[in-house]
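Chemist: Structure incoming, see below.
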Amino acid sequence: MKIRGRDYRSVWMEEGVVRMIDQTLLPFDFRINDCGSFIETAEAIRTMVVRGAPAIGAAACYGMAQAALAGKLNEGERVISKTRPTARDLFDAIEYFKKKFVGSNAVEVACAYADESAERCRMIGVHGEKLIKEDMRILTHCNAGALACVDWGTALAPMRMAHYRKRKFFVWADETRPRLQGMLTSWELSEEGIENKVIADNASGYLMKEGLVDLVVVGADRVAGNGDVANKIGTYEKAVLAKENGIPFYVASPSTTFDLACASGKDIEIEDRGSEEVEFVKGIGSDGRLSRVKVSPVGCRVENPAFDVTPAGYIKGIITEGGVVKPGKVKDMKFI
Ligand code: MRU
């Protein structure tokens, strides 16, 4: 991805150190966070310094390489697998590493995983850009961009590709409470020169009803065997609204996010991230410094499910690296 005109990946490895763009500081500050051990890498995944399913997967694979180099592979697996439960890519990456690791190739294996992950997302762009027509207004939820992947993004890959092919279109970015990943989406799109506006999460129904949305594309954290899709909380309501308003709703997801062992969305574990993320909001204060303010009343009780499940029936297609899959055909991966 281009940031200030320079090419970056969201996460990479240099001399045993896992380096990642610190997503907790964006869009206010651009810094690289260094993790010198698998414990630090796992902590960065848990605390969302690195976030988004494919980026979590790549970070997990690099963390496994650090654990292998320290002779602590089993401990690495135990610690990393407990960081975040919903993103399927985390577990895919651990399995990949265990299968390919043979003694001295730890870093090579992890780098290969990250390269393959970036290529899968590029191919999502190749297949998905055909859905984007001139002057379309596209709505997306959360951040399914290059920051959330190694590169390119999932939902944002088709947009990047269409933009590189000089197509003109516009993006509505849901702000995505409580962690405001929509601000990262807007930041990424603006860095690439793609026209966009952030909207409050509850504005999307109005925009759809007014005829201001032509297409919805979101990412995924886990795709079940029946085509149900777990993604950032709020995705389900966008899908229902899209159907109600006759707007095509697509999911963009690499095969590493597919979990055929999950028969349906009911089997997907939904991460509960606790109350603090809802109670506090982070931003730049009037003194120009990053600060955190409480927005909930004292003693207020909070529920904070991080993901929801969109039933397959609401999804027109899943854009994968191999083509667009009908959600009902996920099991046999027949591309439409
Ligand atoms: O909690 P996060 O920020 O890791 O969740 C990210 C998402 O839900 C993304 O929409 C998802 O991973 C899409 S694919 C990049």
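Since every read-out is calculated from the coordinates, none of them should be taken as a lab result. Not measured: the values here are computed from a predicted model. As a convention, Cβ positions derive from the backbone with ideal geometry for all residues, glycine included, and neighbour counts pool all protein chains shown.
Chemist: Using the Cα centre as the reference, give the magnitude of the dipole from point charges on the C-beta atoms of the chain (Lys, Arg: +1; Asp, Glu: -1; all else neutral), rounded to the nearest 20 debye.
Modeler: 580
Chemist: Let me ask something additional. Counting trypsin sites (Lys or Arg not before Pro) as exposed when in a DSSP loop with at most 14 other beta carbons within 10 Å, what is the longest stretch of the chain free of them?
Modeler: That gives 169-288 as the longest site-free run.
Chemist: Now for a different question. Which residue fluctuates most in the GNM of the chain (Cα springs below 10 Å): Y314, Y113, Y96?
Modeler: Y96
Chemist: Going down the table (K238/K266; K82/K294; K72/K99; K168/K316), which pairs top 26 Å between alpha carbons?
Modeler: Those over the limit are K82/K294.
Chemist: Something else about it: What is the log10 of I(q)/I(0) for region 2-121, computed with the Debye formula using one identical point scatterer on each Cα and no solvent, at q = 0.19 Å⁻¹?
Modeler: Computed log10 I(q)/I(0) values: -0.93.
Chemist: Let me ask another. How high is the relative contact order of region 1-156, given as a whole-number percent (alpha carbon pairs under 8 Å, six or more residues apart)?
Modeler: 25
Chemist: Now a separate question. Have a look at S190, G205, H163 and report the one farthest towards the positive end of the charge dipole of region 130-332, computed about the Cα centre with Cβ charges (Lys/Arg +1, Asp/Glu -1).
Modeler: H163
Chemist: I would also like to ask the following. Output the relative contact order of the chain, whole-number percent, from Cα pairs under 8 angstrom with separation of 6+ residues.
Modeler: Relative contact order of the chain: 16 percent.
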